[in-house]
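Read the structure below first, then the notes.
The values are calculated or read from the model by the stated rules, or taken from the named source; none is laboratory data. Every value quoted in this text rests on a predicted model; they were computed, and no experiment measured them. Glycine gets a Cβ as well: all are built from the backbone with ideal geometry, and neighbour counts include every protein chain shown.
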Amino acid sequence: MKANELKKGMVIKVDGHNILIRQVTVQTASSRSGNTLYKARGQNVVTRQKFERGFKGDDNVEPMDFSRRPVQLLFRDSDGCTFMDSETYEQFTVPTEMIEDDLPYISDGLEGLYALIGDDKVIGIELPSTVTLAITECAPGIKGASASARSKPATLSTGLVVQVPEYLGPGEVIKVNTESGEYISRV
């Protein structure tokens with residue numbers, strides 16, 4: 001597989017380590033002779049160390065075989081998060097350190113959540129592209145504020161803090177992009 005086929009959520013082998021890709025950014029060269037660079041960010045599946053490397057478009061990368069299973073969150077405790085496979089009802093616990101970056105987006109009843117399974121063990125959790133969360137804390141909404149006006153920080157039900165338009169207030173439900181962590185719209 002070529003590096004220009006890399007996508008978020010893939011698992012690749014790099015120097016004998018399995019890496020779960022969390023983000024891919026493309027840098028196009030400004031000169032004619034320059035190569036397009038694909039910067040992959042992720043984490044080592046076993047050690048949880050952060051991974052960042054640039055690949056040229058025609059570099060070869062070795063994808064790892066893994067499967068996606070639909071799951072739902074059952075509960076959180078000191079051991080981590082316990083998920084249940086939506087089809088087999090099998091339960092498994094994922095350590096908190098493994099999904100630390102994803103936790104602010106995971107809430108009870110979240111649809112579109114997948115467990116990535118490779119070598120018969122969970123290697124990561126894949127979030128849907130957007131999640132719906134309620135605002136629990138922010139400055140009160142300002143009547144008459146336009147939609148394109150200034151923004152203010154709002155704390156959501158999972159503890160995530162995002163910038164929202166001034167007219168939104170506590171109790172409102174909003175959509176958040178899980179890749180960028182930005183407000184998308186009111187629900």
* Residues being acidic (Asp, Glu), over 16 Å from Pro70 (Cα atoms) and either modelled with pLDDT of 90 or more or surrounded by 13 or more Cβ atoms within 10 Å (Cβ to Cβ) (or both) - total across the range 114-142 -> 1
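Given the residues Arg53, Arg41, Arg76, Arg69, which is the only one that is closer than 14 Å to Lys13 by Cβ and of a type outside the set (A, V, I, L, M, F, W, C)?
Details: Arg41 fails: closer than 14 Å to Lys13 by Cβ; Arg76 fails: closer than 14 Å to Lys13 by Cβ; Arg69 fails: closer than 14 Å to Lys13 by Cβ.
Selected residue: Arg53, the only one of Arg53, Arg41, Arg76, Arg69 that is closer than 14 Å to Lys13 by Cβ and of a type outside the set (A, V, I, L, M, F, W, C).
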* Please indicate, with yes or no, whether at least one residue in the range 147-170 is more than 15 Å from the chain's Cα centre (by Cα), at pLDDT below 90 and within 16 Å of Cys81 (Cα to Cα). => no
* **Residue pairs meeting the criteria (Cβ under 8 Å; at least 6 apart or on separate chains; first surrounded by fewer than 19 Cβ atoms within 10 Å (Cβ to Cβ) and among the aromatic types (Phe, Trp, Tyr), in the range 157-173; second part of a loop (DSSP other than H, G, I, E, B) and modelled with pLDDT under 90)** => Tyr167/Gly141; Tyr167/Ile142; Tyr167/Lys143; Tyr167/Ala145; Tyr167/Ser146; Tyr167/Ala147; Tyr167/Ala149
* Is it the case that Gly54 is within 21 Å of the chain's Cα centre (by Cα) and closer than 24 Å to Asp119 by Cβ? -> no
* To do: Could you please find all residues in the range 1-20 being of a type in the set (Lys, Arg) and either in contact with a Gly (Cβ under 9 Å, 6 or more places away or on another chain) or over 16 Å from Asp65 (Cβ atoms) (or both)?
  => Lys2, Lys8
* Asked: Counting only residues that are among the hydrophobic types (A, V, I, L, M, F, W, C) and modelled with pLDDT of 85 or more, which one in the range 22-35 is nearest to the chain's Cα centre (by Cα)?
  -> Val24
* Could you list all residues from the range 1-44 that are without any contact (Cβ under 8 Å) to a residue 40 or more places away in the chain, farther than 23 Å from Asp102 by Cα and in a loop (DSSP other than H, G, I, E, B)? => Asp15, Gly16, Thr28, Ala29, Ser30, Ser31, Arg32, Ser33, Gly34, Asn35, Thr36
* Structure fact -> So the strands (runs of 3 or more DSSP E) completely within the range 46-113 holding 1 or more residues that are hydrophobic (A, V, I, L, M, F, W, C), in contact with a strand residue (DSSP E or B) (Cβ under 6 Å, 6 or more places away or on another chain) and loosely packed, with under 12 Cβ neighbours inside 10 Å are 67-77
